[in-house]
């Protein structure tokens, strides 16, 4: 015998199976299921909340690194302090003249370097720079000027390397023919040691 009992709410039904003596054999309750759409909606809400939390956590984690990168970029682009900037300006004028097989203005610019270095109260550049620039200022001809340009170049390269200043502006180039380096700002090689004979001989090292 099957006895069907209805209970509130309407969506619930209780089914009771009884034998001939009236004893309950099997009881079951039919309970309504939650709508699938509501379940999917709740799942989407949870996933959306989780995604937002992950994005926020990632942003907070990476924010300090972004600050470090910005500080490094600002440091690279920061202008050089005086008298270093002036020394390099005079140096580049000398490099450009030697690349043209000329010593016009070389003595004047080399003498200016001497004055800048020796007049610097903070002693930012080594005294060797002044000594090397003085030797360059006294060079009698093009070969002598080019030879004197080598140690001056090496000293300025060492300064920029040690201080990590001028990155992206001053490029170190190297000529394997004369086994010497120099600094320049142009994107194309302009060899001050070989001039027009082999103007593009060399390679950038940074």
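Each reported figure results from applying straightforward, stated rules to the coordinates on display, with no laboratory input. Note that this is a predicted model, so its numbers are computed, not measured. Note that we place each Cβ from the backbone using ideal geometry, even for glycine, and neighbour counts take in every protein chain shown.
For this structure, a couple of remarks:
- Any hit, the stretch 166-179, residues being crowded, with 20+ Cβ neighbours inside 10 Å and assigned to a loop (DSSP other than H, G, I, E, B): yes
- Qualifying positions in the stretch 125-143 - buried (at least 18 other Cβ atoms within 10 Å of the Cβ) and assigned to a loop (DSSP other than H, G, I, E, B): 125, 139
- Top-ranked residue in the stretch 182-200 [being buried (at least 16 other Cβ atoms within 10 Å of the Cβ) and free of Cβ contacts under 8 Å to residues at least 60 places away in the same chain; ranked as farthest from residue 99 (Cα to Cα)]: 189
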